[in-house]
Amino acid sequence: MDRTEAAGLLERRSALRHLLGASLTKHAAALALLAFLLFNCLFTNNFLAWETFYNIFTQATKVALVGLGMTLVIATGGIDISVGSAMGLGATIAAISLVSGNFAGVALSFVVVLAFGLLAGILTSRFSILPLVSTLASAYIMRGLARGISGRGTVTYNNPGLTNFFITPIAGRFPVQFFVLLISVVAMYLVVNRTKFGFDVEAYGNNPVAARISGINTRRVTTICYVISAMFAWVSGILVMVMVSSTDPARVGVDMELDAIAATVIGGTPITGGHPNILGTVCGAFLLQLIIMMANMHNIPYAYSLMIKAGIILVALVFHHLWQR
Amino acid sequence: MEENILEIRNLNKAFEGVMAVDHVSFSVRRGEVHALMGENGAGKSTVIKIISGIHKADSGEVIYDGKTCSFSNALGAQHAGISTVYQELNMIPALSVSENIFLGRYPFAAWGIDWKAMHAAAQSLVSDLEVGIDVRKPLAEFGTAKKQIIYILRAISLKSKLIVMDEPTSSLDTSEVKMLFGIIDKLKSAGIAVIFITHRLDEVYRRCDRVTILKDGRSEGTYAISELSQYELLEKMVGRNLALEYKRTRRDAKGDDRVLEVKNISRVPYVRNVSFELHRGEVLGLAGLLGSGRTEIARIIFGCDIPDSGEIMVNGKRLDLHTPTDAVSQGMAFCTENRREEGIFPNMSVQSNIVACALSKMTTLGFIDDRRRREVSRDYIRKLAIKTSSASQLVKKLSGGNQQKVILSRWLAMNPELIILDEPTRGIDVGGKREIEILIGEFSRRGIGVLFISSELSELVRNCDRVIVLRDGRAVGELLGDDIDEKSIMRTIANNRQLNGQN
């Protein structure tokens, strides 16, 4: 074999390895999810029941929704730890309005939550405040506001029409959440992979300086990411509220930012910024919920299932780190 | 005892296939001040990093004090006796001067750190050099010059016999430079050798004994300063012709429309009162040494930095509210000198990197026309002969020259009226350089105004219709048509240098 031939072979081999690596990192979360599903189908009693999936779906959806926005923010190299509080504030304002049957108040809750997203975005992009700090600040304000305006704890409303709409499965089988998530995922997938905005987010996450010099309006792009994150947090908060016809301002959305970050990291979006892996995040959210469910069905205490969760996150991080070099 | 404290033999180092240091040999005598000169990418910092243990050479020898050395890290070099004073010093601002000098080597007594002994030792170092420094004060209270001196004190306390100074004077004012030179004299008389990196010719002639000149990773030789004129030094640093036969036919664009007018822009201390205009289809060169303000002017025009004063007009229209986003929307393109830091999106595909600036022209309601995206990138990969396994290959896997072509494609795809090329051939092999120079001619034919910045004079001579010579942030000369040759450019820089040296 002469030299050029050998070089050609080497090149082809490295191209193959690159292709394999690229699709592996892209779909690692999906593969892991499949593996866990298979394991459970084989080894967990009563796993193959519609109720199980229904449960996983309703639980995982709130994390997946918040994760969609988080994915965008993390793709810019930022982080949004105000999502849990945003859920709480949105759901609180909405619940208070629904007590008096005022649907305009629900719209108001949307606007308020978005405004806080905008604030965090502007603080981060224009005043160069670390995202961790700016979203921490808005997290405290929103949680404080939620608890303040609710007066004494849980706000319960009575609106049978609304409740029935959300708890009645569509076509007798599919939870409403399923469709909310489906629409959101499709929309976000298109935004990320087919629009200039999605391109700009990825470019900024890759190299902020190059993005600026390429004429991308980097401030606007990053700010919008925080607004979108707030929007999905609001949707998730409202879904939590309508299931129980009430909001506990101190509880709704607590620790949600951690689950959303975990789902994003497992999904393969680089924590230092880069390609937002929308489908990965959704798989990540379902994987997290599946682990909790699995532990539950095997009578493993919740405390231990948290540790399994942590283990999965670590494995994901190491895996993505190794492949990204 | 050996005459040389340091001897470098046949040093080689490549980064991703590009030779950064190519068979470099030189030696430094005990107690001499040895200047190391060269333009951007000449390999100075790589040589320094190998000497000080940060990089490992691919091959070649570093012989220090008669022994062949291979330091595994900077600490190893320091303990052997080689200290390096970087532009950004690695010291701890909150700690006292003494603590910084003896960091990691605090004297201990039975009860703990022996503060008294430490301060006394530091004080005696300070007294030896006759610099007024209170060793108990925190480092943060001192300016850059004093901090450098404190670092030098640390080097002395480590019994260093060789101190490398990487552009120590770049951020000092005249009196501070004088103070530093006083210290260097004392080091010299103590038998400590200094490798001195600077871009200021007058400093080399005032203080250095010998100079080693690097160019394109190769050594252009070591000379005694007394036997080398400024002109000769410049010639060796920026003059030598690469064997490129390509030469663009010059055109006189003076009569054509003005794409860009720059009026009296200043950004002190980098740029002082610079004015020029650029015509459609003209290739205008900015010549001058590193630090003469050439990159800074480009950054101001493109809106990366805001000038203190002055106007920029594009197509006869004054530009306000200047940011790179505005610049791009006005049809400006800017290929920066730092490909890696400011150019590529490393983890994105070749295709994405090519279309990054043209995307806004291929979207409807924000959605990208995927077919056009593919067509455009395929087009440029073919036209510029970009070597890549496919359009979806990650751009970071490409060679430097091909990455540069990707970035040029990115700007070409947006159909610019004006393109600024800052060192577009840096770190690229000869073949790649040639291809990029041919592209410059192509820009001109398409009526694009080209502002071309290069350290390599021959490159300017081959490609430019007109050249503006810069020195210390000022435009000091303009050459037109056949007057453009290496000698006249160098003469313009050197003459003004000598004038400058007198004040």
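The values are calculated or read from the model by the stated rules, or taken from the named source; none is laboratory data. None of the values given here were measured: they were computed from a predicted structure. Cβ: placed from backbone, ideal geometry, glycine included. Neighbour counts: every protein chain shown.
B:ARG200 - would you say it is at pLDDT 90 or above and buried (at least 18 other Cβ atoms within 10 Å of the Cβ)? Against the criterion (at pLDDT 90 or above and buried (at least 18 other Cβ atoms within 10 Å of the Cβ)), B:ARG200 does not qualify. Please verify whether segment A:183-194 includes one or more residues that are among the aromatic types (Phe, Trp, Tyr) and within 14 Å of chain B (Cβ to nearest Cβ). Within segment A:183-194, one or more residues are among the aromatic types (Phe, Trp, Tyr) and within 14 Å of chain B (Cβ to nearest Cβ). Among the residues of segment B:389-411, those that are under 15 Å from B:ILE440 (Cα atoms) and either of a type in the set (D, E, K, R) or in contact (Cβ under 8 Å) with a residue 60 or more places away in the chain (or both) comprise B:GLN404, B:LYS405, B:VAL406, B:ILE407, B:LEU408, B:ARG410, B:TRP411.
For every residue, the table says whether it meets (1) in contact (Cβ under 8 Å) with a residue 60 or more places away in the chain; (2) surrounded by fewer than 21 Cβ atoms within 10 Å (Cβ to Cβ); (3) touching a Cys at 6+ places or on another chain (Cβ under 7 Å).
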position	(1), (2), (3)
B:ILE101	no, no, no
B:HIS119	no, yes, no
B:ILE156	no, yes, no
B:PRO168	yes, no, no
B:PHE196	yes, no, yes
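Consider segment B:313-324 and keep the residues that are in a loop (DSSP other than H, G, I, E, B) and touching a strand residue (DSSP E or B) at 6+ places or on another chain (Cβ under 8 Å). The one that is nearest to A:THR218 (Cα to Cα) is B:HIS322.
Please indicate, with yes or no, whether at least one residue in segment B:295-305 is closer than 22 Å to B:ALA494 by Cα, crowded, with 17+ Cβ neighbours inside 10 Å, within 14 Å of chain A (Cβ to nearest Cβ) and touching a residue at least 12 places away in the same chain (Cβ under 8 Å).
So far as segment B:295-305 goes, yes, one or more of its residues are closer than 22 Å to B:ALA494 by Cα, crowded, with 17+ Cβ neighbours inside 10 Å, within 14 Å of chain A (Cβ to nearest Cβ) and touching a residue at least 12 places away in the same chain (Cβ under 8 Å).
Between B:ALA42, B:ALA57, the distinction of being within 21 Å of B:CYS208 (Cβ to Cβ), touching a Leu at 6+ places or on another chain (Cβ under 6 Å), of a type outside the set (Lys, Arg) and assigned to a loop (DSSP other than H, G, I, E, B) belongs to B:ALA42 only. If you check B:LYS387 against the conditions, is it more than 14 Å from chain A (Cβ to nearest Cβ), modelled with pLDDT under 90 and over 24 Å from B:LEU479 (Cα atoms)? Taking the combined requirement at face value, the residue does not satisfy it. Of the residues making up segment A:234-252, those that are of a type in the set (Val, Ile, Thr) and more than 18 Å from the chain's Cα centre (by Cα) are A:VAL242, A:VAL244, A:THR247.
Yes/no per residue for (1) under 20 Å from the mean Cα position of the chain (by Cα); (2) within 14 Å of chain B (Cβ to nearest Cβ); (3) among the hydrophobic types (A, V, I, L, M, F, W, C):
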site	(1), (2), (3)
A:ILE271	yes, yes, yes
A:PRO276	yes, yes, no
A:LEU279	yes, no, yes
A:LEU287	yes, no, yes
A:MET293	yes, no, yes
A:PRO301	no, no, no
A:LEU306	yes, no, yes
A:ILE312	yes, no, yes
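Could you check segment B:349-382 and list, in sequence order, the residues that are assigned to a helix (DSSP H, G or I), free of Cβ contacts under 8 Å to residues at least 12 places away in the same chain and more than 10 Å from every other protein chain (Cβ to nearest Cβ)? Hits for segment B:349-382 are B:ARG371, B:ARG372, B:GLU375, B:ASP379, B:ARG382. The residues in segment A:201-218 that are of a type outside the set (Gly, Ala, Ser), under 22 Å from the mean Cα position of the chain (by Cα) and either surrounded by fewer than 24 Cβ atoms within 10 Å (Cβ to Cβ) or at the interface with another protein chain (Cβ under 8 Å from one of its Cβ atoms) (or both) can be counted, and the count is 2.
The listed residues are A:LEU9, A:LEU31, A:LEU19, A:LEU48, and the only one of them that is away from chain B (no Cβ under 12 Å), at pLDDT below 85 and more than 23 Å from A:GLN177 (Cβ to Cβ) turns out to be A:LEU9. For segment B:17-39, the criterion of being assigned to a helix (DSSP H, G or I) and buried (at least 19 other Cβ atoms within 10 Å of the Cβ) is met by none of the residues.
Residue count for segment B:331-348 satisfying the condition of being more than 7 Å from every other protein chain (Cβ to nearest Cβ), surrounded by 21 or more Cβ atoms within 10 Å (Cβ to Cβ) and in a loop (DSSP other than H, G, I, E, B): 1. Return yes or no: is B:ALA327 part of a helix (DSSP H, G or I), buried (at least 21 other Cβ atoms within 10 Å of the Cβ) and within 13 Å of chain A (Cβ to nearest Cβ)? Yes, satisfied. Taken together, the residues in segment B:362-374 that are surrounded by 12 or more Cβ atoms within 10 Å (Cβ to Cβ) and either aliphatic (A, V, I, L, M) or on the phi < 0 side of the Ramachandran plot (or both) amount to 8.
The sole residue among B:VAL328, B:VAL355 that is touching a helix residue (DSSP H, G or I) at 6+ places or on another chain (Cβ under 7 Å) and under 20 Å from A:ALA203 (Cβ atoms) is B:VAL355.
State yes or no: is B:GLY255 at pLDDT below 90 and of a type in the set (Gly, Ala, Ser)?
Yes, satisfied.
Restricting attention to segment A:135-165 and to residues that are buried (at least 18 other Cβ atoms within 10 Å of the Cβ) and touching a Leu at 6+ places or on another chain (Cβ under 8 Å), the residue that is farthest from A:ILE228 (Cα to Cα) turns out to be A:TYR157. Taken over segment B:393-417, the residue count meeting the criterion of being surrounded by fewer than 21 Cβ atoms within 10 Å (Cβ to Cβ), among the charged types (D, E, K, R) and not in a loop (DSSP other than H, G, I, E, B) is 2.
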